[in-house]
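Down below is the structure, laid out as structure tokens.
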Amino acid sequence: MCEPIIGCCALFNIQVPNEYTGETVMIKIKKPNGYNFTGVYNVEDGIVQIDVLEEMPEAFLNAYGGPYTLQFIDPSDYTVVWFSVGGEEVQGIEWNMEYGTGQEICGLDIYA
């Protein structure tokens, strides 16, 4: 991902790959220090919404914790979901967070 996401958001919307058709998906986010966040979420209109304040460890997403790596995992068989970005098959994406405050919703568009 080229552009960082503004941090300190309350809700984190993540676009699910078009190739994934399940009703729920496991989201795994990893920091370079090996610290992971994993959760299973409903997919609604191709989007997963995570309540950062309620569902993630405090200050997990911040400008100093990246780059972050995200993988989509099919919870029915625990396989990593492969998808195409810019004509390349990938099994995850990487991005950075930028310092910011007061933003209620931030999002990760995997095709940006």
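For Y64, the conditions (1) under 14 Å from the mean Cα position of the chain (by Cα); (2) outside any strand (DSSP E or B); (3) at pLDDT 80 or above; (4) not polar (S, T, N, Q) are fulfilled apart from (1).
Scanning the stretch 12-32 for residues that are among the β-branched types (V, I, T) and assigned to a loop (DSSP other than H, G, I, E, B) gives V16, T21.
Among the residues of the stretch 50-84, the one identified as in contact with a Phe, Trp or Tyr (Cβ under 8 Å, 6 or more places away or on another chain), free of Cβ contacts under 8 Å to residues at least 24 places away in the same chain and more than 20 Å from N96 (Cα to Cα) is V80. For the stretch 33-57: of the residues being in a strand (DSSP E or B) and among the polar types (S, T, N, Q), which is nearest to G107 (Cα to Cα)? Per the stated criteria, the residue is Q49.
Sort through E55, E23, E88, E19 and tell me the only one that's among the acidic types (D, E) and surrounded by 13 or more Cβ atoms within 10 Å (Cβ to Cβ).
E55
Conditions: (1) over 17 Å from E98 (Cβ atoms); (2) surrounded by 15 or more Cβ atoms within 10 Å (Cβ to Cβ). F12 meets all but one. Number of the miss? Just one mismatch for F12, condition (1).
Inspect the stretch 27-42 for any residue being surrounded by 15 or more Cβ atoms within 10 Å (Cβ to Cβ) and among the polar types (S, T, N, Q) and give the result as yes or no. No, the conditions are met nowhere in the stretch 27-42. Starting from residues that are closer than 15 Å to F12 by Cα and assigned to a strand (DSSP E or B), keep the ones in the stretch 73-112 and report whichever is nearest to the chain's Cα centre (by Cα). If we take residues in the stretch 73-112 being closer than 15 Å to F12 by Cα and assigned to a strand (DSSP E or B), then L108 is nearest to the chain's Cα centre (by Cα).
The number of residues in the stretch 10-61 that are more than 12 Å from the chain's Cα centre (by Cα), hydrophobic (A, V, I, L, M, F, W, C) and at pLDDT 95 or above comes to 1. In the stretch 16-28, the residues that are acidic (D, E) form Cβ pairs under 7 Å with partners that are modelled with pLDDT of 95 or more and exposed (fewer than 14 other Cβ atoms within 10 Å of the Cβ), at six or more places apart or across chains, as follows: E23/N42.
The values are calculated or read from the model by the stated rules, or taken from the named source; none is laboratory data. Owing to the predicted nature of the structure, the values given are computational and were not obtained by experimental measurement. Cβ atoms come from the backbone with ideal geometry, glycine included; neighbour counts cover every protein chain shown.
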